[in-house]
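> My questions will all concern the structure given below.
The values are calculated or read from the model by the stated rules, or taken from the named source; none is laboratory data. Please read these numbers as outputs of a predicted model, since none were measured by experiment. Heads up, the Cβs are rebuilt from the backbone with ideal geometry, glycines too, and the neighbour counts pull from every protein chain shown. For the accessible areas, the whole protein counts, side chains as well, though only heavy atoms, and no ligand, DNA or RNA atoms are used. Shrake-Rupley method; radii C 1.70, N 1.55, O 1.52, S 1.80 Å.
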Amino acid sequence: MFEEIPTARPETPLLDQVNAPADLRAFKKEQLPTLVRELREFMLYSVGQTGGHFGAGLGVVELTVALHYLYNTPEDRIVWDVGHQAYPHKILTGRREALLNIRQENGISGFPKRDESEYDTFGVGHSSTSIGAALGMSLAARQLKTGRKAVAIIGDGAMSAGMAFEALNHAGDVKADMLVILNDNEMSISKPVGALSSYFARIWASKTYDHIREGGRKVFSGLPSALELARKAEEHMKGMVSPGMMFEEPRL
């Protein structure tokens, strides 16, 4: 279902109070769904005025609010891969009005840019760099004993690059204190190609897997202990055949 692009600037009373993530963290959790709705509406309106990338940003509105709510940014580092996902991030980090001039002459960048904001922790344009960048930040925090956290958000298209897997391999080896979020949003600029991309698509579209999962839930739905056992068994089996194993087994 497509989001309707508002032609008039929407009313955003909660969002208007957020000039930095610290303002967001002052809200009660019960207020966040309303903030999410206002953020989505404002992003639709602003990008509708100037042009830009809708889909990737719309898909991470809730995630962006959650990350800035839970982490102490900008001290904690959030690294967006490529940057098309970062429009909501820019709105929440003091650039709400500036988004009305994004990608225009003398306007803000369409990507995270370090000299534009202290919340843009890594300048990006090419894909698949977020995990390596967040890993470096994590290791620096460990060396300095700051306790600072690092998070990388990477899309499924960028995840298929060798650079991302090299960073995952390194992170698992050094037991880095970092979080990697795979945003399977199917929003790469061109169609992803290669064996890994095809595997991602096939495994979740498998009718056999879906039938086994749903059938098991029906059979065990009246037996909570058996249902929990089945759930754990499903996770172990899924780990043997799905990309999740790549993330869980290295103990990132």
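> Between beta-carbons, use under 13 Å as the cut-off and find the net charge around A134, counting Lys and Arg +1, Asp and Glu -1.
Numbers: positive: R77, R142, R148, K149; negative: D76, D81, D177.
Residues near A134 contribute +1 overall.
> Still on this structure, I have one more. Using +1 on the beta carbon of Lys and Arg, -1 on that of Asp and Glu, and nothing else charged, what's the dipole of the stretch 27-89 about the Cα centre, debye to 20? Spell out each step's value before the answer.
Numbers: 5 positive and 7 negative charges, 21 e Å.
Computed about the Cα centre, the dipole is about 100 debye.
> Not counting ligands, DNA or RNA, and with a 1.4 Å probe, what is F27's accessible surface area in Å² rounded to the nearest 10?
20
> Hey, what's the stretch 50-100 come to in accessible area per residue, 1.4 Å probe, Å²? Intermediate values should be presented prior to the final figure.
Working: 1400 Å² over 51 residues.
Per residue, the stretch 50-100 has 27 Å² of solvent-accessible surface.
> Per the 1.4 Å probe, what fraction of the accessible area of the stretch 1-145, in percent, lies on carbon and sulfur atoms? Please report the intermediate quantities before stating the final value.
Numbers: 3560 of 7050 Å².
Reported share for carbon and sulfur atoms: 50 percent.
> Sorted by packing (mean other beta-carbon atoms within 10 Å per residue), highest first, where do 86-98, 65-77, 173-185 land?
Ranked from most to least packed, the peptides come out as 86-98, 65-77, 173-185.
> Given a cut-off of 20 Å, what percent of all Cα-Cα pairs of the stretch 117-175 lie beyond it?
For the stretch 117-175, the share of Cα pairs beyond 20 Å comes to 25 percent.
> Also, quick follow-up: How would you classify the stretch 32-75 from its alpha-carbon gyration tensor, with a ≥ b ≥ c the square roots of the eigenvalues: rounded for a/c under 1.5, else prolate if a/b is greater than b/c, otherwise oblate? If you can, show how the numbers build up before the last one.
On the way: a/c = 2.41, a/b = 1.76, b/c = 1.36.
Because a/c hits 1.5 or more and a/b exceeds b/c, the stretch 32-75 counts as prolate.
> Could you tell me the accessible area of T34 in Å² (1.4 Å probe, neighbours in place), rounded to the nearest ten?
Per-residue accessible area (T34): approximately 50 Å².
> Let me ask another. Quick check on the stretch 1-94: take the gyration tensor over C-alpha atoms, sort the square-rooted eigenvalues as a ≥ b ≥ c, and tell me if it's rounded (a/c under 1.5), prolate or oblate. Kindly include the intermediate steps, with their values, before the conclusion.
Values: a/c = 1.88, a/b = 1.28, b/c = 1.47.
Because a/c hits 1.5 or more and a/b fails to exceed b/c, the stretch 1-94 counts as oblate.
> Now for a different question. With an 8 Å cut-off on Cα pairs and a minimum separation of 6 or more residues, tell me the relative contact order of the stretch 111-179 in percent. Can you show the working numbers first?
Numbers: 72 pairs, mean separation 22.5, N = 69.
Worked out over the stretch 111-179, it gives 33 percent.
> Also, quick follow-up: Is the C-alpha gyration tensor of the stretch 65-136 telling us rounded, prolate or oblate? Criteria: a/c under 1.5 is rounded; beyond that, a/b larger than b/c is prolate, otherwise oblate.
Details: a/c = 2.00, a/b = 1.27, b/c = 1.58.
In terms of gyration-tensor shape, oblate.
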